[in-house]
1. Regarding the range A:121-129, can at least one residue be identified that is touching a strand residue (DSSP E or B) at 6+ places or on another chain (Cβ under 8 Å), away from chain B (no Cβ under 11 Å) and farther than 15 Å from A:MET73 by Cα?
2. Filter the range A:96-117 down to the residues that are in a helix (DSSP H, G or I), within 14 Å of chain B (Cβ to nearest Cβ) and either touching a strand residue (DSSP E or B) at 6+ places or on another chain (Cβ under 8 Å) or open to solvent by less than 50 Å² (accessible area, probe 1.4 Å) (or both) and list them by number.
3. Among A:LEU57, A:LEU52, which is the only one that is within 13 Å of chain B (Cβ to nearest Cβ) and either out of contact with any strand residue (DSSP E or B) (no Cβ under 8 Å at 6 or more places or on another chain) or aliphatic (A, V, I, L, M) (or both)?
4. May I ask you to list the residues in the range B:302-328 that are over 14 Å from the mean Cα position of the chain (by Cα), more than 11 Å from chain A (Cβ to nearest Cβ), under 18 Å from B:THR260 (Cβ atoms) and touching a residue at least 12 places away in the same chain (Cβ under 8 Å)?
5. Among the candidates B:ARG349, B:ARG357, B:ARG338, which residue alone is in contact with a Ser or Thr (Cβ under 6 Å, 6 or more places away or on another chain) and either surrounded by 24 or more Cβ atoms within 10 Å (Cβ to Cβ) or not assigned by TED's automatic domain parsing to the domain that holds B:ALA82 (or both)?
6. Going through B:PHE112, B:PHE120, B:PHE59, B:PHE67 one at a time, which residue ends up being closer than 29 Å to A:VAL126 by Cβ and either in contact with a strand residue (DSSP E or B) (Cβ under 9 Å, 6 or more places away or on another chain) or not hydrophobic (A, V, I, L, M, F, W, C) (or both)?
7. What do you reckon, is B:GLN295 touching a Cys at 6+ places or on another chain (Cβ under 9 Å), more than 27 Å from B:VAL210 (Cα to Cα) and not assigned by TED's automatic domain parsing to the domain that holds B:PHE59?
8. Go through the range A:129-155 and give me each residue that's over 19 Å from the mean Cα position of the chain (by Cα) and either in contact (Cβ under 8 Å) with a residue 24 or more places away in the chain or within 24 Å of B:VAL94 (Cα to Cα) (or both).
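The values are calculated or read from the model by the stated rules, or taken from the named source; none is laboratory data. This one's a predicted model, so the numbers in the text were calculated from it and none came from an experiment. Counting neighbours? That spans all protein chains shown, and the Cβs are built from the backbone with ideal geometry, glycine included. What goes into the accessible areas is simple: the full protein's heavy atoms, side chains included, and nothing from ligands, DNA or RNA. Shrake-Rupley method; radii C 1.70, N 1.55, O 1.52, S 1.80 Å.
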Amino acid sequence: MAQGTQRKFSPEAQKEVDKILFSYGVKESAVLPVLHVAQREFGCLDRAAVELVASTLGLSPTRVAQTASFYTMFSPAPLGKHVIQVCTNVSCSLLGSEGIVRYLEKRLGVERGHTRPDGLVTLSTVECLGSCGTAPVMAVNDRYFENLTTEKVESILRELGL
Amino acid sequence: MAEKILLKNVGIPGSERLETYRSRGGYRALEKALRELKPSEVTDAVKKSGLRGRGGAGFPTGLKWSFVPKDVPGPRYLCCNADEGEPGTFKDRVILENDPHMLLEGIAISCFALSVVEAFIYIRGEFALGAERLERAVAEAEEAGLLGPNVLGSDFGLKVHVHRGAGSYICGEETALLESLEGKRGLPRLKPPFPASVGLYGRPTVINNVETLSCVPSIVQNGPEWFASIGTKGNTGPKLFAVSGHVERPGVYELPLGVTLRELLFEYAGGIRGGRGLKAVMPGGSSTPVITAEQADVKMDFDSLAAVGSALGSGAVIVMDDATCMVEVALGLTKFYRHESCGQCTPCREGLGWMVRLLEGIEFGRGSTADIDLLLEIASGISGKTLCPMGDAAVIPAQSTIARFRDEYESHVRTGGCPFKSAAGKVE
């Protein structure tokens, strides 16, 4: 383990982790749930976070890292405070998601797939969010914003203080 | 509109709460199953109802259940596939967010039929609201003795886990889902053995879609004959159609299987946006072959769509008007599948990247006629040559748009670019 990087869950997160461990009879099944807690707690799953999850579950860090790297919701590097994900899959693109992404790029001064240097916002495109009936759609952190127009995007950004 | 069965509670304030669900007759089917029926009678009812899986494959649900060996000692599991990720599909989300107790009741009855005491709902990670509501519903049901040990005072007990995915399309494939549930990368398994005999933790496992399981309470409550009277022969019951794209009123419509595409699009979804013409439809999600406006009278059921060379899939109807570039659609979807390929099988991992490069060439004016044929050749080198059905699915957008709209590909090649300049403009 790298020096000085040993992490701990906050008491609230630890409680959540204990609940997960209690609920699953097979500890491997707790990997994704505990990784979700760690991602939320530390903002990313860097090496120290992966090691913490591994030792919590009694698994090897390699085993946990292997799993974490497969899933797009787990990020190895810190993301912005606001993570904006615009769906660009078929139904959204038929209804103009490309225009929404370009508006955001220009307005926020950050290209898709990047985090702004001030750390306030990460902009990315994402595959189908399962909200095709209200396309185009984007998610900001955990929340969906649907039936987007550039005007609507603008008012969402203002609401977020961006 | 036909009587609503799956969406009957949607739109009622507090529809996600236990008291609302019970006040509308909820959990009576579970009570009936536990008090009046033997597990095998529940399975028989599901068989007789003709219910076919709503996740995409359309496999008879009762038959799937009967593959679980009865004489194997030890635990067996039920997994509810709530990893709704097929582009164009947003029907399960409606149930998860608005009527989680209907799903839980379906799961409980199914587990009773299958002698399962532990079930997992694998819900896609992005559905935060759905997961939250499901978790609360599980807690409410446990509190009320509808889940947990001794359900409704009987000997039957059931633990239900709400398990969140983390952003991976392939985990909707049933064996990848099991791998993911075991805390691993979502790599599909080689079949056979099938999950019915070797599934979660190596144990017999049934995997059913959200909408499929949500049909079970009404089958038990109203009888299999009633269910079988809805829809067409061999394609029974209500179906959720998720309509998106270029229609006036996109949304989820519950209609009997066998409704025509024309009726669905023009009577329910309000017709094509802005009075434009209909060009093409993917009738069951992005992995079902595109059909054309001339086929709009097709019945929306498993067998009728198969007869016109497509599939009902998940019932996700993606509608494209006459200003849509089919090459662009194929390119977008092939990129999606390339991104979601788990990388296990060489044809899918390498072939899709190659197809994307060729499609980009055609779309942006660097393609040749030979590239169109090469696309088809690569597609046939992927389809049927991978561990899981994703290989077959992934080539369908390119394959089917070339089959139906080859002239459009040719005109891209001839004119050196895309003849459809969308309002957003096109850049590489």
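1. Yes, the range A:121-129 contains at least one residue that is touching a strand residue (DSSP E or B) at 6+ places or on another chain (Cβ under 8 Å), away from chain B (no Cβ under 11 Å) and farther than 15 Å from A:MET73 by Cα.
2. A:SER97, A:GLY99, A:ILE100, A:VAL101, A:LEU104, A:GLU105
3. Selected residue: A:LEU57, the only one of A:LEU57, A:LEU52 that is within 13 Å of chain B (Cβ to nearest Cβ) and either out of contact with any strand residue (DSSP E or B) (no Cβ under 8 Å at 6 or more places or on another chain) or aliphatic (A, V, I, L, M) (or both).
4. Initial filter on the range B:302-328 (over 14 Å from the mean Cα position of the chain (by Cα)): B:303-310, B:319-328.
Those still in the list that are more than 11 Å from chain A (Cβ to nearest Cβ) too: B:303-310, B:322, B:326-327.
Subsequent filtering for residues that are under 18 Å from B:THR260 (Cβ atoms) retains B:303-310.
Hits for the range B:302-328 are B:ASP303, B:SER304, B:LEU305, B:VAL308, B:GLY309, B:SER310.
5. Exactly one residue qualifies, and that residue is B:ARG349.
6. Working: B:PHE112 fails: closer than 29 Å to A:VAL126 by Cβ; B:PHE59 fails: closer than 29 Å to A:VAL126 by Cβ; B:PHE67 fails: closer than 29 Å to A:VAL126 by Cβ.
The unique qualifying residue is B:PHE120.
7. When the stated conditions are applied, B:GLN295 does not pass them.
8. A:CYS132, A:GLY133, A:THR134, A:ALA135, A:PRO136, A:ASN147, A:LEU148, A:THR149, A:THR150, A:LYS152, A:VAL153, A:GLU154
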